[in-house]
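These notes concern the structure reproduced below.
Since every read-out is calculated from the coordinates, none of them should be taken as a lab result. Computed from a predicted model, the values in this text were never measured in an experiment. Heads up, the Cβs are rebuilt from the backbone with ideal geometry, glycines too, and the neighbour counts pull from every protein chain shown.
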């Protein structure tokens, strides 16, 4: 578990995953920049796709690479699932070197700094265990909020790339690791 000034991050569990699918993948504000989930309403389809897109990658990153994905909760309300953050080995990791920082924040917590605070804690925790990680991140070009998060964390924009079904993505890298 990781605790910050305002957040409590716990290893992502199956219960957290179910809350994520039900609460976040059906929220139009959350999936605005996740192309394959926009406009979907069939919960069985969303659940099946999320198993492949998220759960399987989370488990693989844990088992094969020793990287943890964390559920995010407010330190003041431990019952309210606020999102997740972690480093994952993705299809881009081999191509661009290193695990990818990923996070999703619940729509009702947008603008509160949770993404920045949680991602900073995850990076610090990961670097304490794996000191020589080269960390990358991708962001949908129109997603200005996530661009601001990455830049606050010290990531630098390297290039526009095609990833996750979109040619409108930036690749960022955290320098110095």
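Of note:
- Residues 15, 116, 41, sorted so that the one with the fewest Cβ neighbours within 10 Å comes first: 41, 15, 116
- If you take the Cα centroid of the stretch 157-177 and the Cα centroid of the stretch 9-78, the two points sit 21 Å apart.
- Rough spin-label spacing in nm, given labels placed 7 Å along Cα→Cβ, for residue 36 and residue 95: 1.4
- Most fluctuating residue given options 45, 127, 25, as computed from a GNM of the chain linking Cα atoms under 10 Å: 45
- Annotation: the residues 24, 1, sorted from fewest to most other C-beta atoms within 10 Å of their own C-beta, follow the order 1, 24.
- Mean sequence separation of contacting Cα pairs (under 8 Å, at least six apart), scaled by the length of the stretch 2-132, corresponds to a relative contact order of 27 percent.
- The sum of -39500 (n - 2.57) across all DSSP H runs of n ≥ 4, divided by the residue count of the chain, sets its helix-only mean residue ellipticity at 222 nm to -8500 deg cm²/dmol.
- Residue separation of residue 1 and residue 141 scaled by 0.36 nm, minus their Cα-Cα distance, works out to 47.2 nm of gained length.
- Most mobile of 79, 146, 134 in a GNM of the chain (Cα contacts under 10 Å): 79
- Computed E for residue 64/residue 108 - FRET, C-beta separation, R0 25 angstrom, nearest 0.05: 0.15
- Within the stretch 77-95: backbone nitrogen closer than 12 Å to the residue 22 label point (7 Å, Cα to C-beta): 81
- Gyration tensor (alpha-carbon) shape descriptor, the stretch 2-132, a/c threshold 1.5: oblate
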